[in-house]
Every structure is written in C-alpha cells, then in structure tokens.
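Values quoted throughout were computed directly from the atomic coordinates according to the rules given, and no laboratory measurement underlies them. Given the structure is predicted, the values throughout are model-derived calculations rather than measurements. Cβ: placed from backbone, ideal geometry, glycine included. Neighbour counts: every protein chain shown.
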Amino acid sequence: MPGASRYPFRFFRAGGVDQLDLSDPTVLKNLGSLDLKLWVSLACPTKGLEVDARTLALIDTDDDGRIRPPELLAAIAWACDVFADLGDLLEEADVLPLASISGDTEAGRSVRDTARRVLADLGRPGADAIRLDDISSTERIFAQTRLNGDGIITVESASDDAGRQAILDAMAVMGSVLDRSGKAGIDRAKADAFFDQVAAQAAWLAGGDSDAVRVLGAATEAAFEALAAVRGKIEDYFMRTKVASFDEALVPALGASSEDVQSAAGAQLTADDERVARWPLARVAPGLPLPLRQGLNPAWAARMRAFVTRTLEPALGPGRTAMTADDWASLLARFEPFASWMAARPDLPVGTLGAARVRALASGDARAAMTALIAEDAALDGQYRQIEAVEKAIRFRRDLLPVLRNTISFSDFYGRRRATFQAGTLYIDGRSCELCLRVHDVAKHAALAGHANAYLLYCDCVRKKDAEKLTIVAAVTAGSVDNLLVGRNGVFFDRKGDDWDATVTRVVENPTAVREAFWSPYKRFLRLVQDQISKRAAAADAEANRALEAHAAAVTSAGEGKPVLPPAEHKKFDVGTIAALGVAVGGIAAFFSSVLATFLGLGMWMPLGMVALMLAISGPSMIIAWLKLSQRNIGPLLDANGWAVNAFARVNVPFGGALTHLADMPPGATRVLDDPFATRRAPVKTYLAAVILGVLAVTWVTGKLDTFLPARAKAAAVLGRVFHVPSGHPEEKAR
C-alpha cells in the first residue's frame, strides 16, 4: 500500500479537489509512495469505458472486471522495466520504436527481441518500430507456424497422416478449441478424454470376442437384432396361451378387442396398420405352439420371417413350422451372454467411429504421439507469450497514461478533454449534454445517482440499422428543464461518431441554476391553475353533454307519441347558502383589500415591498437550489456504475455550463426578425402604463401622496368637500 513520500508531487485544484498532476513522467516512478487518500478514484470497472477493452484486460491481472490501485501500480512498474524513458508514455501513440525499449532489463530485452522476430516473420526485418496492427492480429502472426506455444495442436501440427487422422477423430468426438492462429485444434484435456473413451470402448469390444458371446459367430449381432425386434410380441403370445390354459372361458377376451375389430371393419387395411399390429401374433388357444409359416398376424409377418431365417433356424435348426414355449426359452438362454454383453455397452460418443477404428486407435501409439505433440507445443509457451508482452508495451504506450488521468485524477474530465467514462453527447430540446454515461440497470443506477444532485435524463438509444441498443444517463447542468419530459426524443452521438435515436425513459429532477429556481414557484402555481381549469372545463363539458343527451332523448320521445316529462323545476334558492357565499366573498374581498391597503400604505417603499414579496415566494426555492448546486458532484453517477470515487468531485454552475451547451447563433450569423406567422403582441406597454396611472390615482385619491405634494395639489384641496378626508389627515387637523 502506498505510504508517505518525500517526492515533491505537484497538484492542481479542480472540482474543489486537489488532484495529482501526471504531466511529469517522474511522477509515475514515485506514484507508489503517494497516499491513497489523495487518489480521486480507487477502483473502476473494465466495461463501459472509452478505452480499448484489451488494454484494460491487460491491466486487470486478476480478471475480476475491476481495476484497483495495486494493478495500476503493477502496470507502472512493468512499464518502468520495459521502457528506457517513461516520457514515451506521454506521446500516447500506437507505434513502439525499438529504440524506446530498455536494453538494461531482462523484460526490456525480451520485448525488443520478440518485436524484431515478429517484424521478421511479417517480412520487415529492418523496421525500427512495430505498430499495434502488426501485433494485435495473432492469427496472421501464427498462421504459418506449426507449433505456437498455446498447448493446442491442429491438423497441420502433425507430421504424418496417422497423426492428422487421430486429431480429426478427436475433434469429431470431443469438439475443438481455437489456437492462437484461429484454427480448430485439440488441447491436452480433450485429448486425454478422447483416448479414455477409446480405451473404455475397446475394452468392451474385447469382451464380446469370445465364442460364448458370439454364439453364431459373425452373424450373432444380426440374429440378436432380429430376435429383439419380435421378442416382446412372442412373449405376449405365449403369455396369452398360458392364460387360456388357466381358463378356456377367457379365450375370446384374449383375441383382438371388439373396438379394434369394429374400427378396422370399414377401413382399407395395410400391412403396417397399427390396429392390426395390436392384435395377437397368432390365434390364441390353450397350449398352442406359435406357428412360424401360416396363421401369423399380417402386420408381423415380415419381421417373423427375418427372425426365423436369421435367428431361429441358425440356432435351433432348419425346417421348423412352429415354435413351442420351451423352444423359445431355449433360444433366449442361448443368446443370454450376448444380451448381457450388449447391455454393458458404454454410451460413449467415440462409438460413432466404428469398432475397427476404435480398435486401431487403442492398439497403436496414437495416444502417445498426440500427447508428445501437445507437450512439444506447450514447451514453446514462454517464447511465444513474449508476443503478448510486445502488445502490452504498445498498448501501455498509447493507453496507460489516459487510464491514470481518469482514475488517480480526473484531469481529462476537468480539462475538457472528455473522460473515459463519457460515452458521447446527447442533443435534445435545443441543447447538447456532454456528461453522458452508459447504464446497464436503470433502477439500480438511479437509486444512487440521485445523490449527485444533478438533473438526470435516462434514455434508451437504438440504432435500427444494426439492431443495437444501449442505455445512457445524461446530466443536464444548464438551461430550462420545463420541456424535458419522459417520452421526449433526441439524438445521441457516441465517441465513434455513430448516431442513435434516443428516447427519455426516466427523469431525476434537480435544479440546474438558481435563476431557474426563482421562477419555479410561479411555474408550479400556473401548472396547478392550468390543471384545475382543465379539470373543471372537462367536468363542465361532460355535464353539458349529459344535459344535451337528456334533451335529445326527451325530444325523440315526444316525436314517437310518448309523454314528455316536464322539465325539472329550477331549484329554489337557499337563503342560507346565499348568505354563506356572501360572507365568503366578503371575507376574500376584505383580505385582498387589507393586502392592497397595506401595500399602498408603503408609499414610496412600494417597490421594495414588491421585491420583498417576490423574495418571500421565490426565496425558499432559490436557497434549496443553491444548496443542491453547491453539492452537485459526479461521484454518485460513477459509483452507480461500479467506480469507487474517493473524493467529492464537484460540478459547479460554471463547469456545468461548460458540460451543457444551449443553442446559440454562430459568430457572424444574421437574423431576419420579420416573422409573417408571429403571434400578434398585446400592447403590454399601454396596459402597464394604465396600471401605473391607476395605482397613482388611487394613491393620490386616498391621500397617501399628500405629504409629498404642495398644498394646491393635495387631494383634499382639489376635491374639496366632495372628498371625505380620512381621520388624522393633516387637512382634517387644519380644520
């Protein structure tokens, strides 16, 4: 674990956090001594980042899908051994000059020698640099090699026809695996399993070679198959004869069922009719032998002929016209050893190769030859694994520093260079949102991401051309959000420049600016008013429709000669209700009158009163917005994707404005403001002037301005006795 260090690290301030400056390559050599508490992130996933997945896999040595400090430090240590100067990492290029590889370390010399060998194999022995394209296509590098050190042998790996055929047989039975050249082959595990099956199958075959099992020699297997084809039906017949001997009265019931006979009576029968096949093999009678030539069930005649020819006559002698129950028992006893041997046959895929091929594989040296060939290939693993080291060096030169800039610090993010976790840009509602992250589980992500105090849009993105889908979350950090609703559509451009159709599926609401929060109470009030008006209008419309339907029904009834009910009398006015309404209206009027009187009583302080009233309404929303904006940070967004952010990385208002760009005219653009379809504007200035004059008139009439006016301009002097001077007015005192 990194501990205290005396190295003079340099930090920069961004997002309210001190972050390590990685522009000096000597910092990398001393990074192991930096306190982990100063790392901005302690872990990141290997998926969902805009970094080559292969590079992340080379850093993730334990292959758990996450990269943590020990793995990053190990990658840096390996780079220190391979590169002569870590300054080469600052170039971030996918070309590795051979001169940049260290010749003072064993790892460096191994990488350099391997790179030269690969270049020679590719026909460029004098090249002074190797590219990622040269090394990333292992199929091309190993296409012409017989052995490549991966422990997998292909058909081309064998040097003779017998070995090649054994490999083909093994792949046919066990399946294949791909070697480094991309060709199908066999590894040690599949080879051992294959020859274990060969040995088991060969042992079973050897058990059937004795005369006791092969009772008819080479014809035994065919004879047993013919017997098995009719065995069940013959045993059924002899059982029926035994039952008939037990009670002759049962003989009619032991024949064909009446249902089968009736169903077949009117049908066109064939030799393979299932109804006929269900009937007994022959006529049932007490102790009657089974006829072999005549009187057999037609559906079984062909199978019985094969049984007699292949099994019965070779085993018991020719010329038989019937078979007794004793003959049948003797025949079964004769074939019992073969039946037991067949029952012990292993159910192995290798049996598909046939007995002759299995015996040949088991008796020869195919297993030893294949095992030796696999061992010979695996022995080259160390040599050819260095090719992976060359690939690692090239990828680290290109990608290691960007990975560090997006884990140890977030310098790419705050430096406006696009961080590895930024998936692209979302264009929607006249703005572009650059802080977009890939999301796999929206519900799980939103549960934590809401603590980022950012306005979030979760969008499903689709490319119909490729039938691809992805889900993103976009942070809206500036501008009005009134029109950002679930269902709104936009376009998402990923880092490759591909465009996706984006649809908002979920919104997490948070303020985007204090200015927007100032108007939010009024907007909410207007929405509530609009909703109430819409509801009441809908209710009134429904009531009007019901009334019209009732009148229409009444008119129709009158036309048909039916009595028309007199229209309902108007309800009488309820004096109590009218009084209550009057009291309510009077109270409301008195309230507004008192508010107006208080406001007018402010005199010259009325503008300040107006400001105070607006602050009383908007102040709480603005305070809440300011608190949330001051706490807005990117940590929860990343943690919800599997990161372990180690600092409070703020996204303040100025930086938020840089992450979300609103629509603006480009420099030098001109605008024609004459819109032929513009809505005709109301004379707002005239209305405003009228309101101001009205307020001044009321204020003057009530005597509120008399203290500021000369004697002749005062309301009491102008209006005279017609005007009732308020009590306490200076004019009243003068009287």
Checking the a/c ratio against 1.5 first, then a/b against b/c, what shape does the Cα gyration tensor give for the range 414-509?
rounded
For the ranges 284-294, 417-427, what's the packing order if you count other beta-carbon atoms within 10 Å of each residue, average per peptide, and put the highest first?
417-427, 284-294
Order of 120-129, 162-171 by packing, highest average Cβ count within 10 Å first?
162-171, 120-129
Descending packing, highest mean Cβ count within 10 Å first, for 632-643, 434-445 is 632-643, 434-445
Cut-off is 10 Å between beta-carbons; in what order do V507, V645 appear when sorted fewest neighbours first?
V507, V645
Does the range 31-178 classify as rounded, prolate or oblate by the C-alpha gyration tensor (a ≥ b ≥ c root eigenvalues; a/c under 1.5 gives rounded; else a/b over b/c gives prolate, otherwise oblate)?
oblate
Among the listed pairs K47/K469; K47/K444; K444/K464; K469/K496; K47/K183; K183/K392, which have their C-alpha atoms separated by more than 20 angstrom in this model?
K444/K464; K47/K183; K183/K392
For the range 157-375, with +1 on Lys and Arg beta carbons and -1 on Asp and Glu, the positive-most of A333, A299, F246 along the dipole
A299
In terms of the Cα gyration tensor, with a ≥ b ≥ c the square roots of its eigenvalues, is the range 286-382 rounded because a/c is under 1.5, prolate because a/b exceeds b/c, or oblate?
prolate
